[in-house]
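See structure below.
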Amino acid sequence: MSAAQNDELVAALARATVEKAAPEELPLFRPTSEAYFADPQALQRGGGKEAMLGFGVDAAMMLMTPVVLQVAKDVIGFLGQQLRERAAAEGEGAIDRMIAKLVHRDGGESDAEPAAELTDEQLEQVRAFAIEKGRALKLSDERATLLADSLVGSLATA
Amino acid sequence: MSSQAAEPERRPRLNPFAFPSDTAFRFGVLITAVVGANLYVWQWIAITRRSPTEQIAGARACLQFSASNATTNGQFSDASKAFTACVSDLYGYQVGWMLGGTAALLLTAAAIMLGIPMWITRRRHLRPLTAEDAPAAIQAVQELSREQGIRAPRLLWNPLDPSPGGLAFGHPGRYSVALTGGLLVKQATDPPAFRAIVRHELAHIRNRDVGITYFTLATWYAFLLVAVLPFALTLLDEGKLLIWSVTWRLVLLAALVYLTRNAVLRSREVYADLRASVPDGPDGALRRVLAELPRPATGLLGRVRRVHPAPERRLAAVDDPRPLFPLGAVAAFAAGLTATIAYGNVTQLLSTIVTEPFDLSFFAALAITPLAVGVVGVGIWREAFAALAEGREPASPWIDGLAFAAGLVLGPELALEGVVVVRNTLVRDLTNLDGFLWAAVLVGGVVLLLAWLRTCASLWLRALGGRRSRAVEAAGLLVAASATTVFIGVFYAVRDLRSALAFSRLGSEAQHASVDAQVWTVPVRVWQYVMDGELLFVVQKPYFVPVLALLSLFPLAAVFVRRRPADTSWAFLDPGGELKTPSLSIRAFQPLLIGAAAGFAFLVLAAVVRLGMHYGASAETRALDATLLSFYVSMVALAILIQLVAGAAGAWRGGLVGALGASFVAGCFGWLGVVGGPTAGGCVTPLSLNPGPCAWTIESTFSWHVFQQVIAEGAIAGLAGGLVVVGAKALLHRRTAEDLHPAAAG
């Protein structure tokens, strides 16, 4: 799968998650995701330092979308690894199709393919992974959990 | 009880924007200190470019002009001038380096200033905020800019920054405001909070914080690049002791710049909050947003490193801005300290252009003192306004004044020139009585000047009632800055020329002995005070007496202002405020009347003395030069004595300002009595010493010199009399208070 395709998958999963976890951020989703994909490292580098003539709230975190994008990217990678074992027998190309199916980005082209479904155990693994990532990106426990639940919900209802 | 009834009554807040901010002065002092250090570095670099042999040969050539063999005042003066001119030529080559270094510093600072917006944009991953991204936010910012009365800034944003914040940056003519993704979401979810934060950022632009802050920062970075870097390279082959000596001074300078910058920025944040709070209204979102801010780490180090005050302090200041009006001892100390760091370096630069020691000292003081006085003076004036607006007396300026003076005393210790030039600075001389007295004179003089400014502010604010006082405040600060400049210039010149002054005293002593051998005259100490060559040299400087006249008359001129009802809405941030400024008592006029009465008494006494001379001494004796000189000195001494008495009487009700005013007015009469005596004698024979015409034949130059002598020497005497009275009154007041309120037993 190309980087652009991967970005599309991440954006789709993130958008579906933001719709559930922070719908008020949807109007800014497009420019935010564009900025993220242009330089994903900027999320880790930015913030944390008090700025001269700023408002003085730089430590306070309130925007979910960038974190959701980062977590979605990691989850997609995680899913790829999880499904790789399952799809080993079906060949490498099936993995991408399965992930795309999971996040509703197959464009209806693979109706003939069997639907990729995550087991409850795998969903719980994704949830724990998302919470951990959210906390690592300085989300509060409450918001990290909200993000994880929304993300798992997006996957489960895919 | 309803919750509404439980809410405290919100008083209209005093308007701190009614007065100029001290920000520009504080940053100006910092820039002066950095430029001063830069001057020294480039002088050092210039010295390293000239061979020691060449330097020594030049210095030896100048020694031939040494004044050590002079036996008369004239010889001493000529030799001093020749020596100073020779030394000035010897070091003239350094001026180009120093000026070139300053130009390089300022050009680099300008380049950095222009580059900072690009650097911030890159470092913070900012991109232009377009109408496609957030049309409602752009419209809101444009509306809020109009509300603040400024042009809408360029808008940038970082979609990935999750915090709900903003940032103002740029330079005059091209200001930018960066918004975060978090803040733009707030525009949709909590529009009042969005507006409160944007108003805060726009207030930084409106309050002119942005340009001056970044210029100060740019100057510091330029100093590191243009001065510290080449300086470090030249030090590589120097000894460890020298490198250590340079390093600790540079580290302290850096700490001073850093801490002052942070302190000023913290205060500017509060001003931005205040400006934003006005349109936000008492129930707006700003207070809520501030209350919800995360609490920063406590501890001294955390506090001084932060560029925003703690949220509870910001909230408290928005509700009650009165604590913003006084300056505070720490800021006053920093202003004094920073200002004098550059003094020696500026003197060194100017010494190649100005050779006369008093003028050199005056111009060096002129380069640094006004900014420092601006810092402290604005604080004093604002505090007086805040106090009088509430109907209470302004606070005493002693603590701030002492802190400021302590900074002035310590500043030269941090100067880079101390690396190689071992000078007897005030601090190093404190170990002996002489040095302690010099320091005491500097501290006392500066504190008195600040006390003068406080009294001026109090008198003028009372006189103006509710009228706005910007012009008067500017004039008061100008007079205070001029007087402090003259005082500091004269102080350092006199201190540097102690040995020459001793020589001058010997000259006046010899003059007294010569006259005393022929006719009766005043005691030698009085003669020396009246006729001291150096003192006369100083008081006849063109700036001395005009500044003294302004010091004496400016505060008392307030009594001539008619108090009229005025619109006082300018004094408050909120509607409905009422100024309670007490009116100016008619007693303020008393020093002028006391001076006039004392002056009239002098004219009577002068007439009596003339009558006594006319009938008591023979015509031959009256015609002697010694008699005329003795009579002149005696009359000036009498005028000074009268001014001393007038000063003491004026101080009884009017404090030291009263002392100055009364002695000045008495001095004007004294001058009239001294220079008008011959004319009076020409018209009324019994008043004459020698025959003369009944016409004004006194040369204007002589007349002006006498005026300068009588007014200046009399002012010093009047001030001394006033100090005695003020001190005695303070003691009496203390004893009375103790009698009325004896300390409780146990």
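Once the dipole of region B:563-691 is set up with Lys and Arg at +1 and Asp and Glu at -1 on Cβ about the Cα centre, which of B:655, B:689, B:673 lies farthest towards its positive end?
Positive-end residue among those listed: B:655.
How large are Rg and Dmax for region B:450-540 when only the alpha carbon atoms are used, in Å?
20.4, 64
If you place +1 on the Cβ of every Lys and Arg and -1 on the Cβ of every Asp and Glu, how big does the dipole about the Cα centre of region B:553-618 come out, in debye to the nearest 20?
For this selection, approximately 280 debye.
Between the DSSP loop rule and a limit of at most 15 other Cβ atoms within 10 Å, which chymotrypsin sites (Phe, Trp or Tyr not before Pro) in region B:50-149 are left?
In loop regions of region B:50-149 (DSSP not H, G, I, E or B), there are no sparsely surrounded chymotrypsin sites (Phe, Trp or Tyr not before Pro).
Rounding to the nearest 10 and keeping the result within 0 to 90°, find how far the Cα-based axis of helix B:700-740 lies from the longest principal axis of chain B.
Here the helix axis deviates by roughly 70 degrees.
Could you tell me the center-to-center distance, by alpha carbons, between region B:49-101 and region B:659-696 in angstrom?
One Cα centre to the other: 46 Å.
Per q in 0.07 Å⁻¹, report the Debye log10 I(q)/I(0) for chain B, using one uniform scatterer on each alpha carbon and no solvent.
Values returned for q = 0.07 Å⁻¹ are -0.64.
At 222 nm, what helix-only mean residue ellipticity would chain B give, in deg cm²/dmol to the nearest 500, using -39500 (n - 2.57) for each DSSP H run of four or more?
The per-residue figure over chain B is -24000 deg cm²/dmol.
Roughly what would the spin-label model give for residue B:300 and residue B:705, points 7 Å off Cα along C-beta, in nm?
5.8
Can you give me the convex hull volume of the Cα atoms of the protein assembly as shown, divided per residue and expressed in Å³?
Value for the protein assembly as shown: 251 Å³ per residue.
How large is ³J(HN,Hα) for each residue in region B:455-466, as worked out from phi by the Karplus curve 6.51 cos²θ - 1.76 cosθ + 1.60 (θ = phi - 60°), to whole Hz, x for Gly and Pro?
Per residue, the Karplus-derived 3J(HN,Hα) values read 5, 4, 4, 5, 5, 5, 5, 5, 5, 7, x, x Hz.
Taking only Cα atoms, what is the 0 to 90° angle, nearest 10, from helix B:73-90's long axis to the longest principal axis of chain B?
30
How far is helix B:209-223 tilted off the main Cα axis of chain B, in degrees rounded to 10, range 0 to 90?
70
Let's test the formula: R0 of 25 Å, r as the Cβ-Cβ distance of residue A:30 and residue B:140. What FRET efficiency results, to the nearest 0.05?
Rounded to the nearest 0.05, the efficiency is 0.80.
Using label points projected 7 Å from each Cα along Cα→Cβ, tell me how many nm separate residue B:624 and residue B:570, to one decimal.
6.5
Charges at C-beta only: +1 for Lys and Arg, -1 for Asp and Glu. How large is the resulting dipole of the protein assembly as shown about its Cα centre, in Debye rounded to 20?
Result for the protein assembly as shown is approximately 2220 debye, rounded to the nearest 20.
Can you tell me how region B:115-172 classifies by the Cα gyration tensor, rounded, prolate or oblate, using a/c under 1.5 as the rounded cut?
oblate
Tell me the Rg and the Dmax, in Å, that the Cα atoms of region B:333-383 produce.
12.7, 42
Which ordering of B:652, B:452 is given by a fewest-first count of other beta-carbon atoms within 10 Å?
Arranged by neighbour count, lowest to highest, B:652, B:452 become B:652, B:452.
Dividing the alpha-carbon Rg of region B:605-674 by 2.2 N^0.38 Å yields what?
Against the empirical 2.2 N^0.38 Å value, I get 1.35 for region B:605-674.
In the protein assembly as shown, which Cys residues have no partner Cys with a Cβ closer than 4.7 Å?
By the Cβ distance rule, which asks for a partner under 4.7 Å, the isolated cysteines are B:456, B:668.
With just the Cα atoms defining each centre, how far is region B:539-617 from region B:396-417? Give it in Å.
31
Considering the options B:82, B:705, B:270, tell which one lies farthest towards the positive end of the dipole of chain B, charges being +1 on Lys and Arg and -1 on Asp and Glu at the Cβ, about the Cα centre.
Looking along the dipole axis, the top candidate is B:270.
Taking the mean number of other Cβ atoms within 10 Å as a proxy for protection, how do you rank B:164-177, B:360-373 from highest to lowest?
Going by the mean number of other Cβ atoms within 10 Å, highest first, we get B:360-373, B:164-177.
Full-extension gain between residue B:471 and residue B:50, please, as 0.36 nm times their residue separation minus the C-alpha to C-alpha distance.
146.5 nm
For labels at residue B:733 and residue A:120 in the simple 7 Å Cα→Cβ model, what's the distance in nm?
Here the modelled spin labels are 8.5 nm apart.
Within 10 Å of each residue's Cβ, count the other Cβ atoms and sort A:126, B:228 from fewest upward.
Going from sparsest to densest Cβ surroundings: B:228, A:126.
Please rank B:62, B:456, B:668, fewest neighbouring Cβ atoms within 10 Å first, as an exposure proxy.
B:62, B:668, B:456
Which length gain, in nm to one decimal place, applies between residue B:513 and residue B:724 when the Cα-Cα distance is subtracted from 0.36 nm times their residue separation?
Computed gain between residue B:513 and residue B:724 is 72.8 nm.
For region B:194-344, take the convex hull of the Cα atoms, compute a quarter of its surface area, and give me that in nm², please.
For the Cα atoms of region B:194-344, the hull's average projected area reads 11.3 nm².
Only the coordinates and a few stated rules stand behind these numbers; no lab work does. In this text the structure is predicted, and so the values were computed from the model without any measurement. Cβ coordinates were reconstructed from backbone atoms using ideal geometry, including for glycine residues, and neighbour counts include every protein chain displayed.
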